[in-house]
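Report on one structure; see the data block that follows.
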Amino acid sequence: MSIFGRKSDTTTATPEATAVNPDLAALTGDYTIDPAHSTIGFVARHAMVTNVKGKFTDFTGALHLDGTDPARSTATLDVRMDSIDTGSADRDGHLKSADFFKIEEFPTMTFRSTGAEALGGDEYRITGELSLLGVTKPLTIDLEFNGAAKDPFGNERVGFEGKAEILRSDWGLTWNAALETGGVLVSDKIKLTFDISAIRAA
């Protein structure tokens, strides 16, 4: 795979696919996540019938990529909880309250990686610890490497898409309301999404 583009979708995974592409060694280095071109999002089931999407608009993060040995790669992420945005001011206010994120007491959510592995092709998996509301639990994120390029301003960028699923109750987020028709207002399972563009340190 070229480090400046994605591999062909016609490539078939084989046992040898887990071998590291030599071109990836050129990506080894430290990167800062660019929040202007990245999204940290989530999806929750609402009233058992639809999905509500949201995102956080204020966050910082860093990556260390090791293209020769992906297992030595690391990631950190710090998210300001008062930056939550679901498109509804009333709903955002409720999420910031004591019913949910208690942002005055717990203003930040953090992720610190503890391990990484190459799954083959452009697929990777990173494991770590997610800290929220004073509770730290393990989190596994599946990642797809979208490629690398130099932008018009001379920045060397890498891009990843990631996804994970959690049970919010594991972090003490248990507020809910019963529906007359059965079920609850807010799902326990939350889908997390990550669209990351990161800039290589000079």
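The values are calculated or read from the model by the stated rules, or taken from the named source; none is laboratory data. Quick caveat, the model's predicted, so the values are computed rather than measured. Quick reminder, even Gly has a Cβ in these numbers, built from the backbone with ideal geometry, and neighbours come from all protein chains shown. Protein only, heavy atoms only, side chains kept; ligands, DNA and RNA dropped before computing areas. Shrake-Rupley method; radii C 1.70, N 1.55, O 1.52, S 1.80 Å.
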Phi-based couplings in Hz for the stretch 158-171 (Karplus 6.51, -1.76, 1.60; Gly and Pro marked x): 10, x, 9, 10, x, 8, 7, 10, 9, 9, 4, 5, 5, 9
Share of carbon and sulfur in the accessible heavy-atom surface of the chain [1.4 Å probe, %]: 53
Other-chain or far-sequence residues with amide H under 5 Å of residue 97's (modelled H): 102
Tail beyond 18 Å, pair distance distribution of the stretch 102-177 (Cα, percent): 56
Alpha-carbon radius of gyration plus Dmax, which is the widest Cα pair, for the stretch 63-105 in Å: 16.8, 48
Residues residue 88 and residue 108, FRET efficiency given R0 of 25 Å [Cβ-Cβ distance, rounded to 0.05]: 0.65
Rg(Cα)/(2.2 N^0.38 Å) for the stretch 141-202, N = residue count: 1.77
Simple Cβ-charge dipole of the stretch 128-202, Lys/Arg +1 and Asp/Glu -1, about Cα centre, in debye nearest 20: 160
Proximal charge balance of residue 138 [Cβ under 12 Å; K/R count +1, D/E count -1]: 0
Translational diffusion coefficient (Stokes-Einstein; Kirkwood radius from C-alpha pairs) of the chain at 37 °C, 0.692 mPa s, in µm²/s: 179
Listed residue (192, 141, 110) projecting farthest to the positive dipole end of the chain, Cβ model: 192
Residues of the chain: accessible area per residue with a 1.4 Å probe, Å²: 55
Computed over the chain: relative contact order in percent, which uses C-alpha pairs under 8 Å that are six or more apart: 24
